[in-house]
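Okay, structure first, notes after.
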Amino acid sequence: MRSWVTWLGVALVLLGGGCRDTPSKEAPPPGKTGQVRDAIIHGASGRQDVFQVADNTLRERAMRSSVALVHANALDARDPEDIQFLARSMWDVHQLCDPPYRATRDLAPAFCSGTLIDDALVLTAGHCVPTAEACAQTRLVFTFYWVDYYALAPRTHEDVFQCQDVVVRARGQVAGRDLDYAILRLDRPATPRFASAPLRAGARPMAAREPVAVIGTSGGTALTLDASGTVLSARAEVRDYFVVDADMAVGSAGAGVYELRGYGLAGVLARGELDHVLAPGRDCWTERVCTGPVGCRGQDVTYVRPALEAYCQAESNPRLCPPPEAAPSPEAQDFTATGTGSARHDTFNYTVRFTAGDRVLLGTCGVPLASAHGDTSLRLMSPSGTELAFNDDACDSRGSQVEFFATETGDYEVRAGCHGEESCGGTVAWSKSSAHGSRDYSASDTDSASRNTVNWTLRLFAGQQLVLGTCGVPGARDWGGAVLRLDGPSGSEVSSSYTCSSSGSGGKLTYTVPAEGGGEYRVRAGCFGSASCGGTAAWRIQ
């Protein structure tokens with residue numbers, strides 16, 4: 001890809017003026033859709049102007065959260081109630097051969113894109129604003145989009161902001177990761193006139209072939225949106241950037257890339273391959289079209305998480321930087337005891353903090369790291385001092401084991417002792433899991449989750465109800481048609497999913513654990529028939 005900044009930046013600096021963006025009253029020619037032709041197209045173009053976007057959430061992200069980065073001298077601000085662009089057309093800037101209809105009239109003032117992530121913070125690519133001097137000459141413009149085929153949204157001084165400083169920035173190798181991001185501070189808050197985009201939760205990698213949407217100033221022109229892209233590579237081991245097959249071009253670096261399930265901002269468009277190629281025998285450029293089974297390499301998108309982590313090291317912000325969680329209780333404790341009257345007195349006592357909804361397995365046997373020397377006894381006390389559980393005989397009658405479901409958050413006391421008045425010792429260990437969780441996965445050729453499945457285990461207690469799905473559960477996502485199966489502690493199947501989404505592509509199951517059915521359950525995630533699929537299987541346990 002030719003440098004996304006260099007082409008437009010040099011053109012505008014040398015220009016020192018240009019055409020004003022008075023909207024054309026000319027109707028689009030017959031058969032035209034109003035879409036700008038892409039510089040690089042993956043198959044059929046998926047880009048749309050903002051007014052064409054049917055998805056209300058994505059349209060709102062474009063109208064209220066997305067910005068164009070332009071140089072200060074690319075704006076005519078003499079009338080604060082009617083801010084105009086001073087720039088050349090997309091056709092002129094990029095020296096296109098046989099320009100399409102829109103390229104001859106659409107001005108291309110933007111050198112990069114960005115996304116509002118807090119009141120006065122914008123996330124963009126690091127190479128877009130490399131220095132403090134570049135920041136001072138950068139203006140961030142909202143409402144740069146077409147409202148119909150004939151008119152751009154009007155802009156006033158309330159829609160234009162100045163880059164005040166670069167809060168954090170990275171470009172290149174940082175601790176073994178290839179990063180390209182910057183968080184810019186505006187000269188004043190942009191909210192509530194505009195809205196910050198929610199960030200994708202967690203640090204898990206994107207899933208291969210997961211659908212995404214990109215919103216940016218492709219070609220340097222007004223904001224467009226491509227919701228037809230997918231993840232080609234997640235780089236799950238490194239999690240510095242992922243690769244998508246989005247239809248974006250020079251001038252769209254810094255564009256926001258959203259996951260389509262939940263609409264969280266997942267990354268910032270950083271770089272890609274060659275957009276235009278010289279036409280044979282001509283002194284002009286033409287768009288590059290990716291076709292065939294191999295296609296093109298794709299566009300690199302820096303994950304949001306590294307930028308957020310760097311920001312939270314530099315500043316304190318309760319909305320972007322939640323307070324760190326308290327240090328977890330150790331997962332095991334050694335003890336020795338004698339003459340405890342089955343853990344009624346002279347016991348080895350310690351506290352463990354559990355959260356309401358935690359499912360806990362605790363013992364001197366049957367838990368990783370646990371051990372028993374002699375005949376152990378265990379008692380568990382609630383935060384208020386009430387005895388919740390007692391066990392003296394487990395794992396061949398020498399160890400002890402307790403299962404319980406925490407109904408309140410607090411410090412629980414474990415009392416470790418020995419059977420009767422004997423002496424004993426060992427290690428008390430525990431494992432816990434939340435009543436809510438999720439697992440990303442992708443699979444293919446599973447014969448409706450009968451082979452080649454992605455598997456994991458969940459510990460369930462008697463009487464609990466499990467709701468598991470790639471649809472119909474908060475946090476669930478599905479592409480391609482998931483099938484889920486649940487095997488009980490004996491290894492036999494106890495439940496399978498049914499379709500719960502309106503499109504028929506997701507799977508969901510509900511299972512209630514019988515009175516004697518507590519233990520380790522195995523989830524098998526696959527796809528309908530021999531197809532490929534994936535997404536996020538989410539669950540809740542009640």
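Quick look at the numbers
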quantity	calculated
Computed label-point distance, nm, for sites GLU421 and THR156 using a 7 Å Cα→Cβ extension	8.9 nm
Linear extension gain, LEU369 paired with SER490, 0.36 nm per residue minus alpha-carbon span	41.2 nm
Protection proxy ranking, peptides 348-360, 112-124, average beta carbon neighbours within 10 Å, highest first	112-124, 348-360
Cβ-derived FRET efficiency at R0 41 Å, VAL238 paired with ALA77, nearest 0.05	0.40
Farthest toward positive dipole pole in segment 116-178 [+1 Lys/Arg, -1 Asp/Glu at C-beta], among VAL160, HIS127, GLN137	HIS127
Accessible surface of TYR241 - all protein chains present, 1.4 Å probe, nearest 10 Å²	30 Å²
Modelled FRET efficiency - R0 56 Å, SER316 with ASP283, Cβ distances, 0.05 increments	0.55
Rounded accessible area of GLU403 (nearest 10 Å², 1.4 Å probe)	80 Å²
Whether segment 171-272 is rounded, prolate or oblate, judged on the alpha carbon gyration tensor where a/c under 1.5 counts as rounded	rounded
Only Lys, Arg (+1) and Asp, Glu (-1) charged, at Cβ; segment 104-178 dipole about Cα centre in debye	260 debye
Within the accessible area of segment 302-399 (1.4 Å probe), percent carbon and sulfur	50 percent
20 Å reach of a label modelled at ALA54, 7 Å along Cα-to-Cβ, counting backbone N of segment 195-223	211-215
Most to least packed among 217-224, 53-60, 480-487 [average Cβ atoms within 10 Å]	217-224, 480-487, 53-60
Ranked order, MET63, MET206 - accessible area, probe 1.4 Å, largest first	MET63, MET206
Residues ASP445 and ARG193, FRET efficiency given R0 of 56 Å [Cβ-Cβ distance, rounded to 0.05]	0.65
For CYS533, net neighbour charge (Lys/Arg +1, Asp/Glu -1) across residues whose Cβ lies under 15 Å away	+3
For segment 101-237, alpha-carbon Rg relative to the globular expectation (2.2 N^0.38 Å, N residues)	1.15
Environment charge at LYS508 (Cβ cut-off 14 Å; Lys +1, Arg +1, Asp -1, Glu -1)	+2
Rg ratio (alpha-carbon, reference 2.2 N^0.38 Å) - segment 444-487	1.31
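The values are calculated or read from the model by the stated rules, or taken from the named source; none is laboratory data. These numbers were taken from a predicted model, which means no experiment stands behind them. Counting neighbours? That spans all protein chains shown, and the Cβs are built from the backbone with ideal geometry, glycine included. Side chains are part of the model used for accessible areas, which takes the heavy atoms of the whole protein and leaves out ligands, DNA and RNA. Shrake-Rupley method; radii C 1.70, N 1.55, O 1.52, S 1.80 Å.
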